[in-house]
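Data first, discussion second: the structure below is written as structure tokens.
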Amino acid sequence: MKKYYFISLAILFLLICLGMPGSVLAQEDGGERFFPETGHSVKGPFLAYYQSFDDPLLYFGYPITDELIDPIDGQKSQYFQRARFDLKMEGSVEVISLAPLGELLHDGDGLAMPDNPNVSACRRFETGKQVCYGFLAFFDNHNGAVLFGNPISGLEQRDGRLVQYFERARFEWRPEQPAGSRVGLTDLGRIYFDKRIGNQAFLQAKPASNVLFSPLKLTARAFVSRAMTVSGSQQQVFIIVQDQNLHPVSGASVQIAVHLPGELGAVYRSPELTDEDGIAELVFQVDDYPARQMVEVEVTVDYQGMSTTTSTWFRVLN
């Protein structure tokens, strides 16, 4: 009963703080994933490409069409909120590439901002365009050369926002967002779909059938049963593993490392995988630490090639 008391409190706290968004689901054969948020599926090489990135929801968003044949040029493609995947043949090999939506949509109608004179906060690319401050940090932190390509415009003002176009994306400055998330990507996939195809039938949601949860990203949180304890006692840690939509992830392996700050310590691995509620627990004996010390519990979670970490703490009384 004590276990479920702590777990219930933890889950209640998470639900209150984070809410309950939609879900990303995968069909049973594993070769197709259905997204109920938009009612479309991604499969085959399109799915393999989508899942090859660490945060596809950030970079591409949800699919807004199923796989389709472009009515203009016959290209096999799939549209996402912020991207279009094109399936092409290179010899006898099928290759997925990102359409250059930034180039296709940049019309030069924005109000151009002057170059930033603070060159230490900027980088000039081979296209002759500067990228500065938060835009440059976002580019560097998200493998921009592969995902976004070179900048093809300077800083511009459009519809009340500062934006910058890249070969395959457009960055937006969103000052209303909290620090650390003020740079976002424009939904160029939807904009270009409306401009090029415009047939709303492709956007119609499809019914889901025989779908299972399949996470794109792991989130882990850890809680100790006693915030304060004594050396030599038993300490219990509960780990809750969820996907990007707060659905429990069962079958994940859990490992903890217990140590004083800046030091190495004992490592324990849970003999059981996370259960159907995404929960694992570990019990260990507290070492003989000095009184009043804070002890860190570092948690590592692994599931189907994905990994995430979190930590929690407790204090030793004597």
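The values are calculated or read from the model by the stated rules, or taken from the named source; none is laboratory data. On a predicted model such as this, the values are computed, not experimentally measured, just so you know. Every residue, glycine among them, receives a Cβ derived from its backbone with ideal geometry; neighbour counts consider all protein chains shown.
How about the stretch 98-137: which of its residues are touching a helix residue (DSSP H, G or I) at 6+ places or on another chain (Cβ under 9 Å) and surrounded by fewer than 18 Cβ atoms within 10 Å (Cβ to Cβ)?
First, pick out the residues of the stretch 98-137 that are touching a helix residue (DSSP H, G or I) at 6+ places or on another chain (Cβ under 9 Å): 98-99, 101-102, 104-105, 116, 118, 121-123, 130-133, 136.
Result: LEU104, LEU105, ASN116, ASN118, ALA121, CYS122, ARG123, TYR133.
Quick one: in the stretch 62-93, of everything that is part of a loop (DSSP other than H, G, I, E, B) and of a type in the set (D, E, K, R), which residue is modelled with the lowest pLDDT?
Within the stretch 62-93, the subset part of a loop (DSSP other than H, G, I, E, B) is 62, 64-67, 70-75, 81-82, 91-92.
Add one more test, that the residue is of a type in the set (D, E, K, R), and what stays is 66-67, 70, 73, 82.
Values: ASP66: 95, GLU67: 95, ASP70: 91, ASP73: 88, ARG82: 97.
Filtering first and then ranking leaves ASP73.
When you look at LEU246, is it surrounded by fewer than 17 Cβ atoms within 10 Å (Cβ to Cβ), assigned by TED's automatic domain parsing to the domain that holds GLY278 and either aliphatic (A, V, I, L, M) or farther than 16 Å from VAL299 by Cβ (or both), yes or no?
Working: surrounded by fewer than 17 Cβ atoms within 10 Å (Cβ to Cβ): no; assigned by TED's automatic domain parsing to the domain that holds GLY278: yes; either aliphatic (A, V, I, L, M) or farther than 16 Å from VAL299 by Cβ (or both): yes.
So LEU246 does not fit the description; no.
In the stretch 50-61, which residue that is under 21 Å from PHE202 (Cα atoms) and modelled with pLDDT under 95 is surrounded by the fewest Cβ atoms within 10 Å (Cβ to Cβ)? Step through it out loud before you land on a result.
Taking the stretch 50-61 as the starting set, the residues that turn out to be under 21 Å from PHE202 (Cα atoms) are 50, 57, 60-61.
Subsequent filtering for residues that are modelled with pLDDT under 95 retains 50, 57.
Working: TYR50: 22, LEU57: 19.
Filtering the stretch 50-61 for residues that are under 21 Å from PHE202 (Cα atoms) and modelled with pLDDT under 95, the one surrounded by the fewest Cβ atoms within 10 Å (Cβ to Cβ) comes out as LEU57.
State whether one or more residues within the stretch 179-199 are in the same structural domain as ASP55 (by TED's automatic domain parsing) and either at pLDDT below 90 or more than 27 Å from TYR50 (Cα to Cα) (or both).
Taking the stretch 179-199 first, the residues in the same structural domain as ASP55 (by TED's automatic domain parsing) are 179-199.
Filter once more, so that each one left must be either at pLDDT below 90 or more than 27 Å from TYR50 (Cα to Cα) (or both): 179-180.
Yes, some residue in the stretch 179-199 is in the same structural domain as ASP55 (by TED's automatic domain parsing) and either at pLDDT below 90 or more than 27 Å from TYR50 (Cα to Cα) (or both).
Table: residues versus (1) within 15 Å of VAL224 (Cα to Cα); (2) in contact (Cβ under 8 Å) with a residue 40 or more places away in the chain.
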{"site": "ILE239", "(1), (2)": "yes, yes"}
{"site": "ASN245", "(1), (2)": "no, yes"}
{"site": "GLN255", "(1), (2)": "yes, yes"}
{"site": "HIS259", "(1), (2)": "yes, no"}
{"site": "GLY265", "(1), (2)": "no, no"}
{"site": "ASP277", "(1), (2)": "no, yes"}
{"site": "ALA280", "(1), (2)": "yes, yes"}
{"site": "ASP287", "(1), (2)": "no, yes"}
{"site": "VAL316", "(1), (2)": "yes, yes"}
Exercise for the section: Search the stretch 276-286 for residues being surrounded by fewer than 17 Cβ atoms within 10 Å (Cβ to Cβ) and under 23 Å from the mean Cα position of the chain (by Cα), and hand back the single one that is nearest to ILE239 (Cα to Cα). Expected result: ASP277
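When you scan the stretch 120-230 for strands (runs of 3 or more DSSP E) that lie fully inside it, which ones turn up with 1 or more residues that are under 22 Å from the mean Cα position of the chain (by Cα) and more than 30 Å from GLU281 (Cβ to Cβ)? If you could, list the steps in order and put the result at the bottom.
On the way: elements: 122-124, 130-132, 156-158, 161-166, 169-173, 183-185, 211-213, 218-224.
Filter on the stretch 120-230 gives 161-166, 169-173, 183-185.
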